[in-house]
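**Student:** One structure follows; several queries about it will come next.
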Amino acid sequence: MASVVLSNAEKLYIVHGVQEDLRVDGRGCEDYRCAEVETDIVSNTSGSARVKLGHTDILVGVKAEMGTPKLEKPDEGYLEFSVDCSANAAPEFEGRGGEELGAEIANTLYRVFSSESSVDLKSLCINPRDHCWVLYVDVLLLECGGNVFDPVSIAVKAALFNTRIPKVRVLEDEEGSKEIELSDDPYDCIRLNVDNVPCIVTLSKIGSRHVVDATLQEEACSLASLLISVTSKGDLTSMKKLGKGSLDPESIFEMMETGKRVGKSLHIALQKTLDEEESLGASRQKVGFLG
Amino acid sequence: RGHGTYVEEEKLIASVAGVVERVNKLVCVKALKTRYNGEVGDIVVGRITEVQQKRWKVETNARLDSVLLLSSVNLPGGELRRRSAEDELAMRDYLQEGDLISAEVQSIFSDGAVSLHTRSLKYGKLGQGVLVQVSPSLVKRQKTHFHDLPCGASVILGNNGFIWIYPTPEQKEEEAGGFTTNLEPVPLSDREVISRLRNCIVALVTQKLMLFDTSILYCYEASLPHQIKDILNPEVMEEIVLETRQRLLNLEG
């Protein structure tokens with residue numbers, strides 16, 4: 001992860017501030033930075049989203065392609081995640097430096113979406129054992145300003161919400177071979193139900209309290225952080241510990257409770273923004289990258 | 001005609017987007033987003049990146065790392081003597097990698113690297129506070145860059161774009177000379193002032209307003225009705241900066 005060097009006095013100032021629930025930029029321990037979410041910005045994908053959280057900038061594109069189902073789950077489609085940390089995000093991502101972080105984020109996303117109820121994979125099936133939809137989710141890290149996992153999960157949820165998969169019909173020939181017919185209407189498509197898609201909340205332990213959405217400076221002061229994925233109903237789907245330090249079991253419980261609370265309000269705010277965007281429809285002015 | 005301009009059809013046109021500086025008939029345009037170009041007598045805030053044999057390398061957002069020679073710092077106790085080998089070994093005890101210092105530019109090397117000195121009691125290692133990094137061209141050149149704002153905090157406007165906000169020290173420690181750092185917890189009221197100032201400075205920078213003590217103060221006063229964390233919202237930011245701009249225009253005209 002990109003990091004900044006801080007003097008000991010600055011670290012002490014940050015730690016004391018967190019103890020008193022007043023962070024350097026005036027937020028409380030459970031406040032997120034101002035976030036911007038925009039969907040449908042990349043035209044040649046089935047769905048896309050861009051999330052800007054403070055200085056962190058994430059772009060996600062979802063492409064739906066035809067593939068064969070996995071052997072152990074013949075009547076379901078599946079998701080494939082790939083994460084690319086662009087060299088623009090931080091100097092240490094130059095060349096192959098960003099691959100480690102990219103692999104970590106991709107593995108985390110696999111774990112988060114490993115639960116059965118997150119995405120309805122059966123709806124992605126076309127012909128059991130023969131054809132199914134494979135959703136290739138590509139994440140691009142454009143700028144790293146602390147707290148990478150949270151906006152990645154927000155962007156993935158927004159992109160899945162925005163994904164439009166064309167409807168297909170399966171026709172049986174006389175000999176029994178199956179043909180797949182794509183419907184002619186480009187707007188005739190199926191949308192995914194993202195109500196149960198979880199969002200990641202990262203809680204960093206600073207001093208004896210924990211904060212949500214740490215900036216780069218705050219991450220430099222925290223030794224350990226807990227990453228939990230929460231659905232909109234408040235259920236946890238996965239949990240991961242990051243960092244070199246150790247976490248007390250009691251503090252893990254506290255952090256989980258905080259994460260559930262923050263996650264629920266995050267889902268509500270995100271859903272509201274997505275619905276607002278959706279209601280503007282085709283007349284919406286796209287800001288994109290040149291606005 | 002000067003740096004950042006060119007002549008086309010008898011008209012002087014700027015080649016970079018930035019601030020105009022006029023000295024008699026010399027018109028220069030300083031770009032908005034540049035690295036810091038050192039000038040003798042500037043106050044800078046820098047971070048130590050390396051501890052070398054007889055000097056420290058300081059990062060000041062310039063093209064090359066600035067240099068702080070061991071002979072340019074005040075020794076603890078204020079003695080005046082030649083630096084010996086023991087002083088070299090004790091360098092790390094005074095300034096380590098990552099520490100922040102305030103210093104003045106003593107001279108510039110031929111390759112453009114800046115040489116700093118802290119030979120005054122007002123410079124030295126910085127203690128608890130908040131650093132804001134902005135573009136160097138947004139810091140206005142003034143008589144003094146150390147300001148004690150009436151709202152309760154002090155600010156150092158480094159010419160290199162590093163702004164240091166810290167709680168106002170109660171009494172001036174004459175003997176320490178910037179060596180010992182105060183590690184006591186800062187009270188909550190001071191913290192609020194510092195956070196509000198930090199957000200105000202970030203707001204002014206996003207709206208590309210020049211930074212000097214009056215603009216920061218007006219922005220602080222304009223932001224008082226809002227909560228500290230709301231200042232960074234785009235709408236609130238525009239509102240506050242607009243009010244600041246109005247007051248500054250009234251001040252001039």
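The values are calculated or read from the model by the stated rules, or taken from the named source; none is laboratory data. Only a predicted model underlies this, so the values are computations on that prediction, with no experimental measurement involved. Counting neighbours? That spans all protein chains shown, and the Cβs are built from the backbone with ideal geometry, glycine included. Ligands, DNA and RNA are stripped out before the accessible areas are found, and what is left, the full protein with its side chains, is counted by its heavy atoms. Shrake-Rupley method; radii C 1.70, N 1.55, O 1.52, S 1.80 Å.
**Student:** Sort A:Arg33, A:Arg111, A:Arg164 by heavy-atom solvent-accessible area, probe 1.4 angstrom, most to least.
**Tutor:** The ranking, largest first, comes out as A:Arg111, A:Arg164, A:Arg33.
**Student:** Mind listing the long-range amide H neighbours of A:Glu80? Cut-off is under 5 Å, sequence gap 5 or more, other chains count too, H placed in the peptide plane at 1.01 Å from N.
**Tutor:** So A:Glu80 has HN proximity to A:Leu135, A:Tyr136, A:Val137.
**Student:** On average, how many beta carbons from a partner chain sit within 10 Å of the beta carbon of a residue in A:25-31?
**Tutor:** 5
**Student:** Using each residue's phi in the stretch A:32-44, evaluate 6.51 cos²θ - 1.76 cosθ + 1.60 at θ = phi - 60° and report the 3J(HN,Hα) Karplus result to the nearest Hz, with x for Gly and Pro.
**Tutor:** Each residue's phi maps through the Karplus curve to give 8, 6, 5, 10, 10, 10, 9, 10, 6, 9, 9, 6, 9 Hz.
**Student:** Using helices alone, what [θ] at 222 nm do you get for chain B, with -39,500 (n - 2.57) per DSSP H run of 4 or more residues, divided over all residues and rounded to the nearest 500?
**Tutor:** -7000 deg cm²/dmol
**Student:** What is the sum of charges around A:Gly263, taking Lys and Arg as +1, Asp and Glu as -1, for the other residues whose C-beta is under 13 Å from the C-beta of A:Gly263?
**Tutor:** With Lys, Arg at +1 and Asp, Glu at -1, the neighbours total 0.
**Student:** While we're here: If amide hydrogens are placed 1.01 Å from N in the peptide plane, which non-local residues have theirs closer than 5 Å to the one on B:Thr5?
**Tutor:** Here B:Ser15, B:Val29 satisfy the definition.
**Student:** Here's a follow-up. What whole number of Å gives the distance from the Cα centroid of the stretch B:203-253 to the Cα centroid of the stretch B:1-80?
**Tutor:** Going from one Cα centre to the other spans 26 Å.
**Student:** Report the Cα centroid-to-centroid distance between the stretch B:87-144 and the stretch A:40-111 in angstrom, as an integer.
**Tutor:** 42 Å
**Student:** With 10 Å bins from zero, work out the P(r) of the protein assembly as shown over every alpha carbon pair and list the percent per bin.
**Tutor:** Calculated over all Cα pairs of the protein assembly as shown, the distribution is 3, 15, 23, 23, 17, 10, 5, 2, 1, 0, 0 percent.
**Student:** Here's a follow-up. With all protein chains present, calculate the accessible area of A:Lys11 using a 1.4 Å probe and round the result to the nearest 10 Å².
**Tutor:** About 70 Å², rounded to the nearest 10.
**Student:** Let me ask something additional. Tell me the Kirkwood hydrodynamic radius of the stretch A:10-280 in angstroms, computed as one over the mean inverse distance between distinct C-alpha pairs.
**Tutor:** One decimal place: 19.8 Å for the Kirkwood radius.
**Student:** At a probe radius of 1.4 Å, what is the per-residue accessible area of A:Phe253, in Å² to the nearest 10?
**Tutor:** Answer for A:Phe253: close to 130 Å² accessible.
**Student:** Also: Could you give the angle, 0 to 90 degrees to the nearest 10, between helix A:149-162's Cα long axis and the longest principal axis of the Cα atoms of chain A?
**Tutor:** The helix A:149-162 is inclined about 30 degrees to chain A.
**Student:** Another question, then. In the neighborhood of A:Leu22, defined by Cβ-to-Cβ distances under 10 Å, what is the net charge if each Lys or Arg adds +1 and each Asp or Glu adds -1?
**Tutor:** Once positives and negatives cancel, what remains is 0.
**Student:** Round to the nearest 10 and give me the degree value, 0 to 90, for the angle of helix A:249-280's Cα axis relative to the longest principal axis of chain A.
**Tutor:** Long axis of A:249-280 versus the principal axis of chain A: about 50 degrees.
**Student:** I need the GluC sites (Glu not before Pro) found in the stretch A:47-83, filtered to DSSP loop residues with at most 12 other beta carbons within 10 Å of theirs.
**Tutor:** Passing both the DSSP loop test and the Cβ count: A:Glu72.
**Student:** Here is a follow-up. Only bridges with both residues in the protein assembly as shown count here: give the DSSP antiparallel percent, nearest 5.
**Tutor:** Of all bridge pairs located within the protein assembly as shown, approximately 90 percent are antiparallel.
**Student:** Where the accessible area of the protein assembly as shown is counted over protein heavy atoms with a 1.4 Å probe, how much of it, in %, is carbon and sulfur?
**Tutor:** 50 percent
**Student:** Something else now. Kindly write out, for the stretch B:97-104 in residue order, the coupling ³J(HN,Hα) from the Karplus curve 6.51 cos²θ - 1.76 cosθ + 1.60 (θ = phi - 60°), rounded to whole Hz, with x marking Gly and Pro.
**Tutor:** Ordered by residue, 3J(HN,Hα) equals 5, x, 6, 9, 9, 10, 8, 10 Hz.
**Student:** Within 10 Å of each Cβ in peptide B:130-142, how many partner chain Cβ atoms are there on average? Round it to a whole number, please.
**Tutor:** Partner Cβ neighbours, averaged per residue: 1.
**Student:** About the Cα centre, and with charges only on the beta carbon of Lys, Arg (+1) and Asp, Glu (-1), how big is the dipole of the stretch A:1-125? Nearest 20 debye, please.
**Tutor:** Here the size comes out at about 40 debye.
**Student:** Can you find, among A:Gly95, A:Tyr136, A:Ile190, the residue farthest towards the positive end of the dipole of the stretch A:85-216? Put +1 on the C-beta of Lys and Arg, -1 on that of Asp and Glu.
**Tutor:** A:Gly95
**Student:** I would also like to ask the following. Am I reading the A/B interface right? What is its buried accessible area, both sides, 1.4 Å probe, to the nearest 100 Å²?
**Tutor:** Summing both sides, the interface buries roughly 1900 Å².
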